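So the structure is just underneath, and the comments pick up after that.
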Amino acid sequence: MSTSNPIDLLFGGMSKLGPGDDVHTRRALRLLPRTQFKVVVDAGCGAGRQTLVLAKELATLVHAVDTHEPFLSHLRQEARDAGVGHLVQAHPMDMKEIPSAFPHVDLLWSEGAAYNIGFANALATWASSIGPDGFVVVSELSWVREDAPNAAREFFQVGYPDMQPIERNVQIAQASGYKCLETFVLPAESWIDGYYDILEPRAKTLLDHPDDAVREFASETIREIEVFGQSEGSYGYVFYVLQRA
Ligand SMILES: C[S@@+](CC[C@H](N)C(=O)[O-])C[C@H]1O[C@@H](n2cnc3c(N)ncnc32)[C@H](O)[C@@H]1O
C-alpha cells in the first residue's frame, strides 16, 4: 500500500471494520416483524460486510452510505463477486444527509457507525425519514455492567465519553420517537474473529512507521485491544432493534 493515510494502512482490504458478524446481522434481521422493505439504507456501511447480508437476505436493493470512497470501492467489488452487485448501490455521502437523500426509509441499518455523528443525534436526525412502521437497527458501543474495571473506565473517558449504559440508550431512542423491540450484546468472538485478530498484528507492524499520525493511530489501536482483554465484559457492542413509534 503506498498510502500514508492511517485509516487505509490499518483497515485497507478488511471486510469487517468493527465488531460484528453475519450471524448477528441475521439475528437482528429476524427480530423484525416483517421481511419486506421498499427502501433500505445502510449508514456507515464501510466495506459492507453487513450490506451483503442485507442484500442477500432481503433480496432487495440496499443503499450503502459511507464517506470513505476506498471502503465503497471494496464493497462494490465484494457485491459483484457475491453475485449481488445489482442489489447494492454505494453512495459516497455523510450519514447525516440521509433524510434529504432518502426522505422515506423503511429500514435503516447501521453497525458500529452511528457514533460518528453521535448515537442520540443519529437517531434524532434519521427519525424524520423513517416512515410510520419503519425500523432502525443500530449497533452501538455501550456499557453493559456498572462495575467496569478502571482500565476500561479510563480509556473510554477519553476515547468515547458519550458511551452510555444500554437502558440509557433505550431511553434516548424512545425520546427520539422509537420503541425498542429488542437489544442484544455481541459476544467477544465478534470483536476478535476477523477484526482484532487482523488489526493487532497490522498495528504492531506500523509502530515504527515514519509518519507520526500512523504511529499514534497504531498505538491507540493496540491499547484499545489491550483494554478489551481486561474489560471483563463490562462494555460491548449492543444491537438496538427499534421501530418508529
Ligand atoms: C467502525 S466502521 C463500521 C463499518 C461497517 N458498518 C462494519 O461494521 O464493518 C465506521 C464507518 O463509518 C464511516 N463513517 C464515519 N463517519 C461517517 C459519516 N459522517 N457518514 C457516513 N459514514 C461515516 C467510516 O468511513 C467507516 O466506514
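Taking segment 46-74 as the range and being near the ligand (Cβ under 6 Å from one of its atoms), in contact with a Cys (Cβ under 7 Å, 6 or more places away or on another chain) and of a type in the set (A, V, I, L, M, F, W, C) as the test, only V65 passes.
Could you tell me which of the residues W109, W126 is modelled with pLDDT of 95 or more, under 12 Å from the mean Cα position of the chain (by Cα) and open to solvent by less than 20 Å² (accessible area, probe 1.4 Å)?
Numbers: W126 fails: under 12 Å from the mean Cα position of the chain (by Cα).
Sole residue among the options that is modelled with pLDDT of 95 or more, under 12 Å from the mean Cα position of the chain (by Cα) and open to solvent by less than 20 Å² (accessible area, probe 1.4 Å): W109.
If you take the residues of segment 29-82 that are part of a strand (DSSP E or B) and among the charged types (D, E, K, R), which of them is farthest from E140 (Cα to Cα)? Only one residue tops the list, namely D66. What residue, among those in segment 230-245 that are under 14 Å from F155 (Cβ atoms) and out of contact with any strand residue (DSSP E or B) (no Cβ under 8 Å at 6 or more places or on another chain), is surrounded by the most Cβ atoms within 10 Å (Cβ to Cβ)? Result: S231. Out of all the residues in segment 5-19, which are touching a residue at least 40 places away in the same chain (Cβ under 8 Å), more than 11 Å from the ligand (Cβ to nearest atom) and not in a helix (DSSP H, G or I)? G12, G13, listed by residue number.
Can you tell me which residues in segment 20-45 are open to solvent by 10 Å² or more (accessible area, probe 1.4 Å) and either hydroxyl-bearing (S, T, Y) or within 13 Å of the ligand (Cβ to nearest atom) (or both)?
The answer is D21, D22, H24, T35, G44.
The values are calculated or read from the model by the stated rules, or taken from the named source; none is laboratory data. Here the structure is a predicted model, which is why all the values come from computation and not from measurement. Please note: Cβ atoms are built from the backbone with ideal geometry, for glycine as well, and neighbour counts cover all protein chains shown. Heads up: the accessible areas ignore ligands, DNA and RNA and are worked out on the full protein's heavy atoms, side chains in. Shrake-Rupley method; radii C 1.70, N 1.55, O 1.52, S 1.80 Å.
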